[in-house]
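The values are calculated or read from the model by the stated rules, or taken from the named source; none is laboratory data. What you see is a predicted model; the values in this text were computed from it and never measured. Cβ placement follows ideal geometry from the backbone for every residue including glycine, while neighbour counts extend to all protein chains displayed. Side chains included, ligands, DNA and RNA excluded: accessible areas come from the protein's heavy atoms. Shrake-Rupley method; radii C 1.70, N 1.55, O 1.52, S 1.80 Å.
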Amino acid sequence: MDFSVPINVFVDAARDFCAWCETPRVHNPARLAFETSRHLARLYAAAIELPEVDLADYPEPEPVSIEAKRSMFVSFAALPFNYYREVFYSNSEHADEPVVGDLADDLTDIYCDLHVGLAIFDSGNESAAVWYWRFSFGAHWGRHAVCALRAIHCHESLGNAEGKGMEHDP
């Protein structure tokens, strides 16, 4: 089976998300919520199509700098809200108390995991990159994506009930 298509679809989504994170923010909260939702939904859909691969050794790329993280975190201040409530384990087997989630933290963490995978991919280690993306999706950034997307959806659906909502592309 040819896995190049789902890998390329994911790489394109990851590159688009990272480029979007690295550009200056629009100062329109509804527009930013729409763009965030679109990127997260696209990433999630592409991630679940990544093929299973064996663990491969790869040189550890440089992590995203603290300055870059801080700058990105601050740039997401234009979101219509930043904090939201979530339950860490939503299945009925756990009785967790709600905790506070942070959209800027979610988006920055997703960026960092995708950025590392892209560095591995760009160094010529495609299998290692796919393994890293699948692992980090299951263990880390997938939860951030789902929580952020749910929080934005809930916020925007409340806005729609009040006659407001996300600003879509024309």
*Kindly indicate whether any position in the range 83-101 is closer than 28 Å to TRP131 by Cβ, modelled with pLDDT of 85 or more, under 16 Å from the mean Cα position of the chain (by Cα) and surrounded by 19 or more Cβ atoms within 10 Å (Cβ to Cβ).*
yes
_Unmet requirement for VAL74, which otherwise passes all of (1) modelled with pLDDT of 90 or more; (2) hydrophobic (A, V, I, L, M, F, W, C); (3) assigned to a helix (DSSP H, G or I)_ = (1)
*Starting from residues that are in a helix (DSSP H, G or I) and open to solvent by less than 70 Å² (accessible area, probe 1.4 Å), keep the ones in the range 156-170 and report whichever is modelled with the lowest pLDDT.*
GLY159
*For ALA45, all conditions in the list (1) touching a residue at least 40 places away in the same chain (Cβ under 8 Å); (2) part of a helix (DSSP H, G or I) hold save one; what is the number of the exception?*
(1)
*When the residues of the range 102-112 are filtered to those that are in contact with a helix residue (DSSP H, G or I) (Cβ under 8 Å, 6 or more places away or on another chain) and among the charged types (D, E, K, R), which remaining residue is surrounded by the most Cβ atoms within 10 Å (Cβ to Cβ)?*
ASP106
_Some residue of the range 77-84 being free of Cβ contacts under 8 Å to residues at least 40 places away in the same chain, part of a helix (DSSP H, G or I) and among the polar types (S, T, N, Q)_ = no
_Qualifying positions in the range 113-154 - open to solvent by 20 Å² or more (accessible area, probe 1.4 Å) and over 20 Å from ALA41 (Cβ atoms)_ = ALA119, PHE121, ASP122, SER123, GLY124, ASN125, GLU126, SER127, TRP131, TYR132, PHE135, ALA139
*Could you tell me whether the range 7-23 includes any residue that is in a loop (DSSP other than H, G, I, E, B), of a type in the set (Val, Ile, Thr), over 16 Å from ALA145 (Cβ atoms) and in contact (Cβ under 8 Å) with a residue 12 or more places away in the chain?*
no
